[in-house]
Amino acid sequence: MKRIVLAITGASGSAYGIRTLECLLSADREVHFVVSPMAERVILHETGATLDQHLTGILAAAPEGGSLVRHRYDDLFASVASGSFATEGMIVAPCSMATVAEIASGYAHSLVVRAADVALKERRTLVVVPRETPLSSIHLSNMLKVTEAGGVVLPAMPAFYHRPTHIRDLVDFVVSRILNVFGIEHSLISEWSDDSIEPEE
Ligand SMILES: Cc1cc2nc3c(=O)[nH]c(=O)nc-3n(C[C@H](O)[C@H](O)[C@H](O)COP(=O)(O)O)c2cc1C
């Protein structure tokens with residue numbers, strides 16, 4: 001089974017991380033999951049449910065193929081803290097600007113940042129999904145540093161050309177882009193094609 005690391009941090013947009021987890025399990029991944037303490041609080045605030053409640057629902061609905069391995073935020077002895085533990089890469093969704101700064105500086109004090117550090121040093125795919133607005137020059141320069149180190153900065157910027165009608169559609173747009181980076185098949189959003197364009201009057 002393919003392994004992938006997923007972290008949720010304390011930026012707004014916890015739904016991106018929760019939906020990504022559902023999709024990775026559906027795609028038969030062994031998901032190594034780390035959540036920051038602030039993320040746990042933001043999840044409860046934004047969704048009205050605790051992380052554990054979400055996980056119970058997600059695992060009950062998940063197909064047989066995938067599996068979840070949850071790691072403690074402060075457990076730097078965890079498998080994913082070592083480059084010798086092979087994975088496809090890592091997703092941080094959503095990624096706070098605090099965590100972007102830590103990844104950019106290599107200050108690997110938590111398992112989230114250490115696992116991201118490992119992905120970069122091992123030249124594996126690292127996707128960070130920042131959400132903040134407006135952006136300061138500090139945010140921009142940290143995102144540039146992550147990009148220059150080989151990471152993919154994939155801002156939580158849903159588009160509207162697929163005519164979303166529900167929040168779920170906006171979330172799925174961003175999650176589809178995350179999955180595309182790893183080449184994971186999904187049916188969240190239809191591919192844009194010549195047939196997608198309305199004929200002009
Ligand atoms: C309700 C709420 C929403 C937040 N939204 C954002 C956000 O969108 N982007 C961001 O960079 N920080 C946001 N923050 C601030 C982060 O939670 C804070 O910087 C925290 O230190 C991040 O820690 P972490 O990256 O370890 O989870 C938010 C905080 C709260 C309470």
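Where a number appears in this text, it was derived from the coordinates with a stated rule and is not lab data. Keep in mind that what you see is a predicted model, and the values were worked out from it rather than measured. When we count neighbours, we look across all protein chains shown, and the Cβ atoms used for this are built from the backbone with ideal geometry, even at glycine.
Taking the chain as a Gaussian network of alpha-carbon nodes connected by springs under 10 Å, the highest mean-square fluctuation of the residues 112, 153, 175 belongs to 153. Amide hydrogen proximity for residue 32: with H placed 1.01 Å from N in the peptide plane, the residues at 5 or more positions away or on another chain lying under 5 Å are 4, 5, 6, 69.
Based on C-alpha pairs under 8 angstrom that are at least 6 apart in sequence, the chain has a relative contact order of 22 percent. If R0 equals 41 Å, the separation of the Cβ atoms of residue 74 and residue 200 corresponds to a calculated FRET efficiency of about 0.10. Here the 3J(HN,Hα) profile of the range 136-152, calculated from phi with Karplus coefficients 6.51, -1.76 and 1.60 at θ = phi - 60°, is 8, 5, 5, 4, 5, 6, 5, 5, 5, 4, 5, 5, 5, 7, x, x, 9 Hz, Gly and Pro shown as x. Working from label points 7 Å from Cα in the Cα-to-Cβ sense, the residue 147 to residue 190 distance is 3.2 nm.
Can you put 141, 84 in order, fewest other beta carbons within 10 Å first?
Numbers: 141 12, 84 7.
With the fewest neighbours first, 141, 84 line up as 84, 141.
Take the Cα of residue 180, step 7 Å toward its Cβ, do the same at residue 165, and the gap between the two points is 2.3 nm.
Sorting the segments 38-47, 161-170 by their residues' average number of neighbouring beta-carbon atoms within 10 angstrom, most packed first, yields 38-47, 161-170. Computed from label points 7 Å out along Cα-Cβ, the spacing between residue 67 and residue 47 is 2.3 nm.
Computed 3J(HN,Hα) for the range 125-131, one whole-Hz value per residue from the Karplus formula 6.51 cos²θ - 1.76 cosθ + 1.60 where θ = phi - 60°, is 6, 10, 10, 10, 10, x, 9, glycine and proline marked x.
Note that the range 38-47 has calculated 3J(HN,Hα) couplings of 5, 4, 4, 5, 5, 4, 5, 5, 7, 10 Hz, one per residue in order, obtained from phi through the Karplus relation 6.51 cos²θ - 1.76 cosθ + 1.60 (θ = phi - 60°); glycine and proline are x.
With neighbour counts taken as other beta-carbon atoms within 10 Å, the residues 176, 190, 82 rank, fewest first, as 190, 82, 176.
Return the FRET efficiency for the residue pair residue 12, residue 136: r is the Cβ-Cβ distance, R0 is 22 Å, and the value is rounded to the nearest 0.05.
Calculated value: 0.85.
To make sure I understand, if each residue's beta carbon is the centre and we count other beta carbons within 10 Å, what order do 107, 73 fall in, fewest to most?
Working: 107 12, 73 19.
Least to most surrounded, the residues fall as 107, 73.
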